[in-house]
Structure formats: structure tokens, C-alpha cells
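S.K.: This is the structure, below, for whatever I ask next.
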Amino acid sequence: MKVAILGTGYVGLSTGVALAEIGHDVCCIDVDGEKIKQLNQAVSPIYEPGLEELLIRNLASDRLKFTTSHRDGVSGAEIVILAVGTPQGEDGAADLTFLEQAAKDLAAHLEPNTIVVIKSTVPVGTNDEVKRIIEANCSEEVSVRIVSNPEFLRQGSAMKDTLEAERIIIGSDDQGAAEKVKEMYRPLHVPCIVTTLRSAEMIKYASNAFLATKISFINGIANLCEAVGADVNDVARGMGMDKRIGEAFLQAGIGYGGSCFPKDVKALYHAAKQSGKDLGLLAETMKINEEQRVLLVKKALNRFNGKLTGKKIAMLGLAFKPETDDMREAPSIEMAKLLHEHGAEVIAYDPVATKNAKKVIGDRVSYACSILEAVNGADAVLIVTEWDEIKQLDVAGLVEKMKHPIIFDGRNCLDEEKIRACQNIEYYPVGRPAII
Ligand code: NAD
């Protein structure tokens, strides 16, 4: 099939590469000329495991193209996918400016039988609104066919998640259009759920809000475990073996971040309020997460009697999660700001996100090229992102480099045996007994 994609970010690019890989003829369109130039040189503008290899292969096979021209990209396409950003607006609601603009950009070139698929995460009713915008801006012979197809990939495993998805949601009031989109995905052999536009839109928000709530729930339990002397890792394991609960998303830590959970929970909460429903549960999910993000700073303040002035603090990891260079809503941003305000000298290390981190954290921290450089002479280490390199670090070697071997592990990711083998170490995980 001939497919065009508007928006070549994490979702649009992963989808485009995956659809080309399964044999479709794909053209990705973006308004960012620099991004398109890089992609045409087979260089991925984002860090995503496995993506660049597939990008190179599919560019070479001529199944994948990149352009800044909406007219060229959309020409002859049977399906056009909208995958532009829907960031958080000032009032907490989803900001649909990019999507509305993309709909107008598309409308001018839309051909009569093309199906428009909305993959961006959007509040219930948005697909209808996009249809209206396109209808108002396209030529008369076009009857607009809309399909909602929310995306569930996770950054850090986007290619795997796209090629081996657990389910595909297809929402439409146009049965033929839904069938055509199902057909596009058929080579993936993934179960499809076909539903209405509005249910599809809601499935995405409800899924993200549920996962975020699961994280906040276990973080609330973790804080209680600390207060009463229980171990949240054992608690989570014991809970997770119950199939009704499941073990995923029960890792206590410093909360969720990234470009999706924070904004999607807020947007759903906001949309519910507009419909006269108060989803107070989500208010609590957000509150716990806000507090959890700065937990390590609070613990460090507590350990150093309220004074961090002149203390050298190493932050290990900056990205909101491992295997991505994305800094959107990363807990490290707020942590760096607070540590700086308290007069700490912060030196940070991340294997891939440093370039993006510099744009949002700036010179509040200095940036090291290795773990050992970051921890050299440090009074304390804060573990922020559980990159493999950090999980597997040589604790004894790290302790040797530090001024004071005090570690606050925000991801409960260090090996306890290695910790216990070190003399004089102070190790503070989340929701588990400290090792002192
Ligand atoms: P992104 O910011 O990485 O990419 C969006 C791209 O759209 C940018 O490259 C931008 O230049 C481009 N764009 C903006 N306006 C355009 C236009 N008129 N025409 C063509 N291109 C245009 O965003 P993302 O992270 O890929 O997210 C896209 C959507 O998918 C959002 O709604 C998000 O909530 C949802 N989503 C994201 C993830 C994720 O993990 N990132 C997962 C599932 C769903």
C-alpha cells in the first residue's frame, strides 16, 4: 500500500520505518527541514535501538522516502497517518494546534478515496473535529474517511513495540476504512480491536492513565514501606504474582516522566472535568508523582542536615528512562533545579541524553563523559535513570572515587550484594531498608 505519514517524530518515524519494513511504500513528511535532511542521509534524529538499521535498509530499498512537501508526500497515498505532537496546553488540556494545522496541510492535497488515520493521542471527539477541519478545507469531490489508531509504543523499544505490538486499536464509523487499515497492518499478525472513533480515543487515555496510576500506587506503597520497615521489592513481587495484578509497572522509584504519561493523565483529568466528571483518582496519581520526582533531593537534604551548599552531587542518568535520549518531563530536570537552588555542585552523566539535557537543564549542572568522571570526589551519588551501564557499574570502583560513599538509588537498580561487599557505604534505595 502507498502510505503517507505527517509528523516524523518518535511515533511517525517508528511507524514509517516499520510499515516500509513490512512491504509498504511509505513517505514521511515533516515541517522540520533539518530532520528530513538528516533522514534522507539515513541518519536518525532520535536515539532508538534498532531504528537506524531499518532506516538504512528501507531507504536503500526505495520503500521509504522523506520530504517536507505535503503535496508530494500525500500524492497517491491510500492511507495518510497523522502522528504530530499533541503536547500539554497551559490549562492541562491537550494542545491540538499541531494536529489542526496538519489537518489543514493535508486537506489541501487530499485525494478522493484516501483514508485519514489519526495516530496522535487525542481527547475524545478530536477525530470528529479533525474530520470537520479537513472537510472545510478539501476539494468538493473528497468525502473524508477517518480512522482513529492510537499508538502504544514505548520509547527505548519503539521498533520492537511497533513490529511486535500486543494489540492494534482501530476506531472508525466507516467499516470499509477500518478494514483497509486492518489490511495495512496484516503482515504484523497482531490482534486488532475494531471499535468506534470515541472508544478508540478513550482506550489510549485510559491505558496511559491506568499505567501511571499503577506507578504512583506502588510509589505510595514504597513510601509507606520505608516508614514501617517493609521492602517494596518483595511486596511488588508478592503482589505481581497474582495474575489479576500482574508484575509490570510495579517498580518503585522516582516516578514517571516522558512525553506521554504526564500530559496524558493531565489531559484525561481535564477532559473528565469538562464532562462534569471528577476523576479524583488521577489527581492523586499526579500528586504522588510530583512528590516522588524530588524524593532523592529530599533524602539528600535529610542526610546532610538540610544543607547541600558546597556538596558535590553526581547525577547518574538524565533521560526520563533508559534507551532513549528524550528529556521531555524527565525527573532529572526538577532534581537538577532543586539541587542547584540548594547550592549543590552537580555533575551529571548520561550515555546518550546529554545533548538534549543541555537544552533543558543548561548550566545548572556540569556534564561528565563517564560515570567515573561524574563521581570523582562526590559527596553523594543520585541514581536517576537505570541504564544498563549504571545498573552494572562497579560499585567498589565507584566508592573508591567518591569523597563520601553515599548512594541514593532512585531506581532500586544496584546489586545489593555488591553494595554489601563495600565498607563504609551508605545506600538508600526507594521503599527498601537502607544499607548503612
Ligand atoms: P514528536 O514531537 O517527537 O514528533 C512530532 C513531529 O511532528 C515533529 O517532528 C514535528 O516537526 C512534526 N510536525 C508538526 N507539525 C507538522 C505538520 N503540520 N506536518 C508535518 N509534520 C509536522 O512527537 P511524538 O513523541 O512522536 O508523539 C506524536 C504523538 O504520538 C503525540 O500525540 C503523542 O502523545 C503520541 N504518542 C507518543 C508516544 C511516544 O512514546 N513518544 C507513544 C504513543 C503515542
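S.K.: Can you name every residue in region 145-173 that is part of a helix (DSSP H, G or I) and under 23 Å from N127 (Cβ atoms)? Write out each step before concluding.
M.R.: Quick first cut of region 145-173, residues part of a helix (DSSP H, G or I) only: 158-163.
D161, T162 - these are the residues of region 145-173 that are part of a helix (DSSP H, G or I) and under 23 Å from N127 (Cβ atoms).
S.K.: Another question, then. Restricting to region 254-280, what's the tally of residues that are more than 22 Å from V430 (Cβ to Cβ) and away from the ligand (no atom under 16 Å from the Cβ)?
M.R.: Selection size over region 254-280: 9.
S.K.: Next question, about the same structure. From the set of residues in region 409-436 that are acidic (D, E) and surrounded by fewer than 22 Cβ atoms within 10 Å (Cβ to Cβ), which is farthest from D394 (Cα to Cα)?
M.R.: E426
S.K.: Mind listing whichever residues of region 359-395 are part of a loop (DSSP other than H, G, I, E, B) and either surrounded by 15 or more Cβ atoms within 10 Å (Cβ to Cβ) or basic (K, R) (or both)?
M.R.: Within region 359-395, V365, A368, N376, A378, D379, V384, T385, E386, W387, L393 meet the criteria.
S.K.: Which residue pairs have Cβ atoms under 8 Å apart, sit 6 or more places apart or on different chains, and have a first residue in region 188-201 that is within 24 Å of H24 (Cβ to Cβ) and a second that is of a type in the set (F, W, Y)?
M.R.: Short answer, once both residue conditions are applied: C192/Y185.
S.K.: Are any of the residues in region 28-35 of a type in the set (K, R) and more than 25 Å from P351 (Cβ to Cβ)?
M.R.: There is no residue in region 28-35 that is of a type in the set (K, R) and more than 25 Å from P351 (Cβ to Cβ).
S.K.: For region 17-76, give me the residue count where each residue is in a loop (DSSP other than H, G, I, E, B) and within 24 Å of the chain's Cα centre (by Cα). Steps first, please.
M.R.: Here is the first cut: in region 17-76, the residues in a loop (DSSP other than H, G, I, E, B) are 22-24, 30-32, 41-50, 61-63, 68-69, 75-76.
This time we only want the ones that are within 24 Å of the chain's Cα centre (by Cα), so: 30-32, 42-50.
Qualifying residue count, region 17-76: 12.
S.K.: Right, here's the next one. What number of residues within region 239-275 satisfy the criterion of being exposed (fewer than 13 other Cβ atoms within 10 Å of the Cβ) and out of contact with any Leu (no Cβ under 9 Å at 6 or more places or on another chain)?
M.R.: The number of residues fulfilling the criteria is 7.
S.K.: Please work out if V80 is under 25 Å from K321 (Cα atoms), of a type in the set (A, V, I, L, M, F, W, C) and either near the ligand (Cβ under 8 Å from one of its atoms) or not in a loop (DSSP other than H, G, I, E, B) (or both).
M.R.: no
S.K.: Report every pair of residues separated by at least 6 positions or lying on different chains whose Cβ atoms are under 6 Å apart, first residue within region 117-134 and more than 11 Å from the ligand (Cβ to nearest atom), second in a loop (DSSP other than H, G, I, E, B).
M.R.: Cβ pairs passing all conditions: V117/N149; K131/V144; I134/V144.
S.K.: Moving to a separate point now. Of all residues in region 86-108 being outside any helix (DSSP H, G or I) and buried (at least 20 other Cβ atoms within 10 Å of the Cβ), which is farthest from the ligand (Cβ to nearest atom)?
M.R.: So the residue we want is L96.
S.K.: Among the residues of region 280-295, what is the count of those that are part of a loop (DSSP other than H, G, I, E, B) and without any contact (Cβ under 8 Å) to a residue 40 or more places away in the chain?
M.R.: Residues of region 280-295 that are part of a loop (DSSP other than H, G, I, E, B), as a first pass: 294.
Now narrow it down to the ones that are without any contact (Cβ under 8 Å) to a residue 40 or more places away in the chain: none.
Qualifying residue count for the region: 0.
S.K.: May I pose another question? Do we have any residue at all in region 24-37 that's surrounded by fewer than 16 Cβ atoms within 10 Å (Cβ to Cβ), more than 10 Å from the ligand (Cβ to nearest atom) and touching a residue at least 24 places away in the same chain (Cβ under 8 Å)?
M.R.: The answer is no, given that none of the residues of region 24-37 is surrounded by fewer than 16 Cβ atoms within 10 Å (Cβ to Cβ), more than 10 Å from the ligand (Cβ to nearest atom) and touching a residue at least 24 places away in the same chain (Cβ under 8 Å).
S.K.: Which number in (1) at pLDDT 95 or above; (2) assigned to a loop (DSSP other than H, G, I, E, B) marks the one condition that S259 misses?
M.R.: (1)
The values are calculated or read from the model by the stated rules, or taken from the named source; none is laboratory data. As the structure is a prediction and not an experimental result, all values here were calculated from the model. Because the Cβ atoms are built from the backbone with ideal geometry, glycine has one as well, and the counts that use them run over all protein chains shown.
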